[in-house]
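For reference, the structure is listed below as structure tokens.
No value in this document is a laboratory result; all are computed from the given coordinates. As the structure is a computational prediction, the values presented were derived from the model and not from experiment. Counting neighbours? That spans all protein chains shown, and the Cβs are built from the backbone with ideal geometry, glycine included.
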Amino acid sequence: MSKKFSVLLTVLFCAFIGSMSVISLLLPDKDFLPLENRYPQKPPKLSAESLSSGKFMEEAEDYVSDHILGRDFWVAAKAWSERLSGKKENNGVYFAAQDTLINRVDPPDPAKLDKDMGYVDALVGNVSVPVYFGLIPSAAEIWGDRLPEGAPTAAEQSIIDQLYFSTGASTIDMYGALAPHKDEDIYYRTDHHWTSLGAFYGANAIFEALGLDPIDLNDYRKTTVTGQFNGTLFSTSGVRWLPPDQIDTYVPDQGIKVTSWFKGVPEEGSLYADRWLAEKDKYSYFLGGRQTLCVVEKEDSDGPSVLLIRDSYSDSLTPFLTERFSQVHLFDPRDNLTSVKNYVEDNGIDLVIVLYSFANFSTDQNLFVLAR
Amino acid sequence: MVFSTPIFMFYFLALTLFLYYIVPRKGRNVVVLCASLFFYWWGERAYVAIMFLSTAIDYTHGLLVERCKARGNDRGAKLAVTSSIVFNLALLCFFKYWDFIAGSLQSVGLTFMPVLGIHLPIGISFYTFQTMSYTIDVYRGDARAQRSILNFGTFVTLFPQLIAGPIIKYKDLGDQIDRRTCSTEKFASGVQILMVGLGKKLLIANNVGMLWDSYKAMAPSELTVAGAWLGVLAFTFQIYFDFSGYSDMAIGLGRMLGFEFLPNFNYPYISKSITEFWRRWHISLSTWFREYLYIPLGGNRCSRPRWMFNLFVVWAATGIWHGASWNFLCWGLYFFALLMAEKFLLLKPLERAPALVGHVYTMFFVMVSWAIFAIEDFPHLGSYLKVMFGLGGVPLADGAFGYYLLCYLPILCAAALASTPLGTALYHRLGARTQQIVCTVLVAAGLLVCTAYLVDGTYNPFLYSNF
């Protein structure tokens, strides 16, 4: 190796690692990583305890990685590199057909499902009102034909059928409601949730299970509130080469009173929270995002009052539910560990719906709350 | 700390190199020593005490051996060597094998040894072997005892090869610890080798590692014959590119600091026999066992039964060195059986047969060995091997196999090519000018792509926590 060339390589290497470390250190700390939709690691706290437990080291490694110069660029570059190397997935997200990203759903642990179904059945026994149970299949199931050939994913439909067969709750046929419409935009392409259109079909599946009249899409005018939605799958996959999604609404926010418990105290909310449209996490436009409890009341409605044990799929579903229910109480067991039984008795609830997306149901650790 | 993390590359390495080159020449070992201690403390915290203990004990023993020898007291020298070997083996056995032995005894009803739940100090199998070589080399007169405890500490803790090898014998490194030259040429060649190692680890090993993990996690009923082989092929590439990648990184980092380490892998997958494979795979471990175990036992200059016994001991030790679990012992003895078969039966016919036969034969047995190596749980291993040989009552292939094959085919082909000397040969045929351009482009592209994988490193396993 000639001297000149050695100098070139040495300078290239040292300049790269040197500038990466110095500039990363000088950059101001970020509070939020919008493209990845998550909070970065805070600077690790130095203490004898954090040093001896190794917590300091773990946090320091995450901190360095989260605050590195050009992080968004590196994340996107890795997704590109995976794609160019022939991979059809990155970080557990499939690059599916029709510009769609689809989360891989791992086959759930049967023992965990058994235990959780026990909680559902305990709820049926605990309360004197009817309990309905619905599992929303994920895009990996309904849009299976968009997945790369042979891509492994859980057999959701047959698992849902088995769970429905054995439970004491009345069931809601979400699969039957969504599958016939698989050629429509019922899920977002860059987010794991269903769209308002998907939620509309879901709402009718609920009404059908309850023996209520279905609602008709022709009675609504579709409003597109944003065309710049890059969802959770955009964030985790690192895929930056797809066009963004659009968010539509159908039900106008009129004659509806929303009370939200974001921080433990009631505050006035709304079906649609416009401020989220300016943020990365635009799905929180529906009801304003994750909250402990949310009560949605419809004026002049003589429908039943329903308690919905929810995950985030229910946020875009709720506008349609107000068409048939006088009150919708959204109860999130992840944040609300109080007794469901007491809540039903104290609030004059007429029926309970346990509604989860398949993927959340098979991973959620807080379903024991149902039996409380 | 692991090499393939942003904190190592952009902070630890950058700062260490900076300090190393700004302090006066005689302060360099202190910088390396402090950096190495920090490096080990970062990952293992309290266990850094082992470094101090090892350094102090082996340093004294080395001096003791030399003094006894100078006085012609061979008995005393032997005693000191033995005492140092006992200390190192005790360290290794306590941390690595205590729980294994206790657990095995308990499973047959003997409960006098409690299972302690000891966390294995990372790299202990590598550094205890290195320090053991020191007193032996001094005793044999292959090296002079180290006078400076700081220099000796630098040898014991040297971070580039501390946690995943190569295992460097003191006689190969002692002089360099005392005096070594640093030059831009050496540094630049270090950069090249480091980049090769990083690329092997981040771009190939981690990638095919995900494929192997998918197959390893499947229940036997979900496997297919073709899938089981694809999984093992993935692990075959993962272990080679991961391990040789770490060795390359160690060699590259060493050069940046002025050290020259011997190569640890020499394209093992192009071997035409298992005998040849073990001359090319993890060379520093095989030579260690040859020099410090096989030859002292008598090597092959003895009766045939004794020679076979010596080999048996060496391969049992090689197996169990890789992890405190029965499957590693089986893995070592599997190679003992194959090597015996080759020595008595197969080597001659293999030499006469077309090269392809030797390659296919070697890779077949090597791949089967990796299945034994990778699956520690015996029932799981049994059913996996059954599926591989078509006895699992599962289909030949399924949709998932097609998916994985298609996804990973480009990487697997790249890995196969990179397992041969083809790329290096092509590179050496280029003119000097073209070589420089190609090399610059590769290093620059390597830095960029590897950084992307470092930053979004959701999957970055460390395979040698067992060793």
Most exposed first, judged by fewest Cβ atoms within 10 angstrom, B:61, B:119, B:322 run B:119, B:322, B:61
The Rg/Rh figure for region B:326-417, Cα atoms and Kirkwood Rh, to two decimals is 1.03
Packing-ranked peptide list from B:336-349, A:327-340, highest mean Cβ count within 10 angstrom first, is A:327-340, B:336-349
Here the membrane-span-like helices of chain A, with no claim about any membrane, defined by DSSP H, Cα axial extent at least 15 Å and mean Kyte-Doolittle at least -1.0, are A:3-26, A:71-84, A:110-126, A:156-166, A:196-210
Semi-axes (Å, rounded, descending) of the ellipsoid equivalent to chain A per its C-alpha gyration tensor are 42, 24, 21
Note on the protein assembly as shown, DSSP bridge orientation, antiparallel percent to nearest 5 equals 60 percent
About its Cα centre, region A:3-68 carries a charge dipole, from +1 on Lys and Arg Cβ atoms and -1 on Asp and Glu Cβ atoms, whose size in debye to the nearest 20 is 440 debye
Output row, site residue B:107, 7 Å Cα→C-beta label point, backbone N cut-off 20 Å, window region B:212-255, residues B:220
Summing -39500 (n - 2.57) over every DSSP H run of at least 4 residues in chain A and dividing by its residue count gives a helix-only mean residue ellipticity at 222 nm, to the nearest 500 deg cm²/dmol, of -11000 deg cm²/dmol
Computed about the Cα centre, the charge dipole of chain A from +1 Lys/Arg and -1 Asp/Glu charges at the Cβ has a magnitude in debye, to the nearest 20, of 1760 debye
Any lysines whose Cα falls less than 23 Å from that of residue A:298, other than same-chain ones fewer than 8 residues away, would be A:222, A:257
Expressed in angstrom, Rg and Dmax over the Cα atoms of region B:6-180 are 18.1, 61
Per-residue Cβ contact counts at 10 Å, fewest first, order B:433, A:83, B:279, B:255 as B:433, B:279, A:83, B:255
Between the alpha carbon centres of region A:129-156 and region B:1-22 the gap in Å comes to 46 Å
Projected convex hull area of region B:246-339, Cα atoms, direction-averaged, in nm², equals 7.3 nm²
For region A:100-371 the mean separation of alpha carbon contacts under 8 Å (6+ apart) over residue count, i.e. relative contact order in percent, is 22 percent
Over region A:1-124, the quotient of the Cα radius of gyration and 2.2 N^0.38 Å is 1.61
Here region A:3-68 gives, from Cα atoms, an Rg and Dmax in Å of 16.3, 50
Taking N as the residue count of chain B, its alpha carbon Rg divided by 2.2 N^0.38 Å gives 1.02
Which of A:45/A:115; A:115/B:216; A:45/B:216 exceed 28 Å between C-alpha atoms? The answer is A:45/A:115; A:45/B:216
Once the in-chain neighbours fewer than 8 apart are removed, the aspartates and glutamates whose Cα is under 20 Å from residue B:169 read B:58, B:66, B:137, B:142, B:178, B:248, B:260, B:291
Between the residues A:215, A:21, A:10, the Cα farthest towards the positive end of the dipole of chain A, that dipole coming from +1 and -1 charges on the beta-carbon of Lys, Arg, Asp and Glu, is from A:10
Given pairs B:96/B:348; A:4/B:26; B:200/B:348; A:87/B:343 and cut-off 32 Å on Cα-Cα distance, the over-length ones are B:96/B:348; B:200/B:348; A:87/B:343
With the protein assembly as shown reduced to its Cα atoms and the Debye formula applied, log10 I(q)/I(0) at q = 0.06, 0.07, 0.08 1/Å amounts to -0.51, -0.67, -0.85
By the DSSP-based rule, helices of chain B that are at least 30 Å long along the axis (C-alpha) and have a mean Kyte score of at least 1.0 are B:432-455
Per-residue ellipticity at 222 nm attributable to helices in chain B (runs of n ≥ 4 DSSP H, -39500 (n - 2.57) apiece, nearest 500 deg cm²/dmol) works out to -21500 deg cm²/dmol
If every Lys and Arg gets +1 and every Asp and Glu gets -1 at its Cβ, then about the Cα centre region B:260-410 yields a dipole, in debye to the nearest 20, of 660 debye
